[in-house]
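This report concerns only the one structure given below.
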Amino acid sequence: MQALIKGALVVGENQEAIGDVRIAGERIAAVGQELTPEQGEEIIDAKGKILIPGGIDGHTHLCLDVGFTQVSDDFYTGTLAAAWGGTTTIVDHPGFGPAGCPLDHQIHTYHALAQGKAVIDYGFHGVIQHLDGQTLAQMSALAEEGIPSYKVYLTYDYKLSDSEVYQVLVQARKERLLIAVHPENDGIIGYLRGQMVREGKTAPSYHPLSRPVACEAEAINRMILWANLADDAPLYIVHLSNERGLTFIRDARRRGQQGLYVETCPQYLLLDDRCYDQPGAEGLKYLMCPPLRSVQDREGLWEGLVEDIDIVATDHCPFFFETQKLRGKDDFTQCPSGAPGIEERIPLLFSEGVMKKRISLRRFVDLCSTNPAKLFGMYPQKGVIRPGSDADLVIIDPAVKKVLTQKQLHARVDYSAYEGWEVQGYPEWVISRGEVLIRQGVFSGKPGRGKFIPRQRPPAVEA
Ligand code: MN
């Protein structure tokens, strides 16, 4: 489109001033004060509004197959919901492929799943589910095809052994790749879950007790030490849920460890383990791994958001309550793990963070857009409002008050973890590569318009 956004508070990296932004085609053409309209340009009056670079959600699970069931969102419905919530790019974490499959198997599978479906731009992390003679070399080869980040699991069926994780970290350091980790202690959690089932402790309220903070924090610390042993391999801790884990990250950084990054999610900032005590099987709506933690952990994460936490992503992993989550109604261990949240992230963090003055507007933009663009290798194409960057732009109206409710949200699922939550401020315009997707409550995007974004390698670690 050819458009001139006038009079917005433009917020980006080292940027916070009233100004105008010109869009020409798919890119930002100019950022300045009192830009003169050109012929044929649509003028968007944004006085009193806030203009931010489009949100980037670096942790989603669309089309995820967990064996006995699949998440409810595909690349159309999931990215549609993302767009409504002000997110213009996702980096999806593919599920595990068939046992023994090569590293590129899931990348090919996910390219096919996203093709013709995605409304917004997307990328994929790789997932390492075993090591064979090829895996390490394939990591480097796939990085050349725009996949410079890989996830390893310390729990679940395809967890890697200590020596495998170490080899992956060494390769990541050598080839400048980012290793994302799901850190939980598999052995203790497996034991506790089994014990609870044997003792009939199968209500949702036992879920957090089966995955204690110590089991997550310990695994975080283990990964930090191994990354350090691998000469500061680039390490990304996903979905940090608790304060204890953060102390290990702070300590390592204080000791000078480089290449260490951490993500949290809105659910760990806004919800807590009292959700599991809701009547009946309602608590299953919040059954996720790691679980929701204490009020104190929640507050500790807000403090961490000011400086230490790099990224807020969603871990969007939706299952229908009635037909999927209730599988765990008599035994929480039978419930698929995960919750929706792709659409709620930016409205919640803006309202609870910025409007309630817990984080600054610029910090909000860093956490939701600029930092993920940099760490996941899409900067300055994305994550910043600058001439030459993609015109991925969101206009937030800070005066709008809204109540989040599943009926008005767009993910293909029958509940929101934030049902009834009042927010102030909401994305009013959502523009992706110069195309208006949301215009004051009207969606006009098309499935398949979203592009695969080949990503660059993460920031260098000094020798
Ligand atoms: Mn996840």
Inset, instruction - Starting at the first residue of the range 227-244, write each ³J(HN,Hα) from the Karplus equation 6.51 cos²θ - 1.76 cosθ + 1.60 with θ = phi - 60°, in whole Hz, x for Gly and Pro. - result: 5, 5, 4, 8, 6, 6, 5, x, 10, 10, 7, 8, 5, 4, 10, 9, 6, 4
Inset, instruction - Would you please classify the overall shape of the range 54-378 from the alpha carbon gyration tensor, given that a ≥ b ≥ c denote the square roots of the eigenvalues, rounded means a/c under 1.5, and beyond that prolate means a/b larger than b/c while oblate covers the rest? - result: rounded
Legend entry - Hz values of 3J(HN,Hα) by residue in the range 109-117 - Karplus curve (6.51, -1.76, 1.60), Gly and Pro given as x: 4, 6, 4, 5, 5, 7, 3, x, 10
Legend entry - Two-site FRET efficiency, residue 401 against residue 41, from Cβ-Cβ distance with R₀ of 30 Å, rounded to 0.05: 0.40
Inset, instruction - Would you kindly state how much longer the chain becomes between residue 408 and residue 130 on full extension, computed as 0.36 nm times their sequence separation minus their alpha carbon distance, in nm to one decimal? - result: 95.9 nm
Inset, instruction - Taking the Cβ of each residue in 263, 216, 352, 42 as the centre, tally the other Cβ atoms inside 10 Å and list the residues starting with the fewest. - result: 42, 352, 263, 216
Legend entry - Pairwise FRET efficiency - residue 175 versus residue 198, Cβ, R0 = 45 Å, nearest 0.05: 0.50
Inset, instruction - Fewest Cβ neighbours within 10 Å first, please rank 289, 265 accordingly. - result: 289, 265
Legend entry - Fewest-first ranking of 160, 348, using other Cβ atoms within 10 Å as the exposure measure: 160, 348
Legend entry - Magnitude of the charge dipole, the chain, Cβ model with Lys/Arg +1 and Asp/Glu -1, debye to 20: 300 debye
Legend entry - Listed residue (191, 150, 342) projecting farthest to the positive dipole end of the chain, Cβ model: 342
Inset, instruction - Output the peptides 376-389, 404-417 sorted from most to least packed, where packing is the average of other Cβ atoms within 10 Å over each peptide's residues. - result: 376-389, 404-417
Legend entry - Spin-label model distance (nm) - residue 251 vs residue 444, 7 Å beyond Cα toward Cβ: 5.6 nm
Legend entry - For the chain, share of DSSP beta bridges that run antiparallel, in % to the nearest 5: 50 percent
Inset, instruction - Mind checking the full-extension length gain between residue 296 and residue 191? Use 0.36 nm per residue of separation minus the Cα-Cα distance, one decimal, nm. - result: 35.2 nm
Inset, instruction - Tell me what the chain gives for mean residue ellipticity at 222 nm when only DSSP H runs of n ≥ 4 count, each as -39,500 (n - 2.57), the sum divided by the residue total, rounded to 500 deg cm²/dmol. - result: -7500 deg cm²/dmol
Inset, instruction - Enumerate the amide H contacts of residue 151 below 5 Å, restricted to partners 5 or more residues apart or on another chain; note that Pro and chain-start residues carry no placed amide H. - result: 126, 127, 128, 180
Inset, instruction - Assuming R0 = 56 Å, can you tell me the calculated FRET efficiency for the pair residue 457 and residue 323, based on Cβ-Cβ distance, to the nearest 0.05? - result: 0.85
Inset, instruction - Pop a pseudo-label 7 angstrom from the Cα along the beta-carbon direction at both residue 360 and residue 17 and give the gap in nm to one decimal. - result: 1.6 nm
Inset, instruction - May I ask you to derive the relative contact order of the chain, considering only C-alpha pairs under 8 Å and at least 6 residues apart, and to give it as an integer percent? - result: 22 percent
Inset, instruction - Using the Cα centre as the reference, give the magnitude of the dipole from point charges on the C-beta atoms of the range 1-135 (Lys, Arg: +1; Asp, Glu: -1; all else neutral), rounded to the nearest 20 debye. - result: 140 debye
Inset, instruction - Positive end of the charge dipole of the chain (Lys, Arg +1 and Asp, Glu -1 on Cβ, about the Cα centre): tell me which of 60, 367, 50 has its Cα farthest that way. - result: 50
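Quick note: the coordinates plus some simple rules give every number you see, no bench work behind them. Quantities reported herein were computed from a predicted structural model and do not represent experimental measurements. Positions of Cβ are generated from backbone atoms using ideal geometry, with glycine treated the same way; all protein chains shown enter the neighbour counts.
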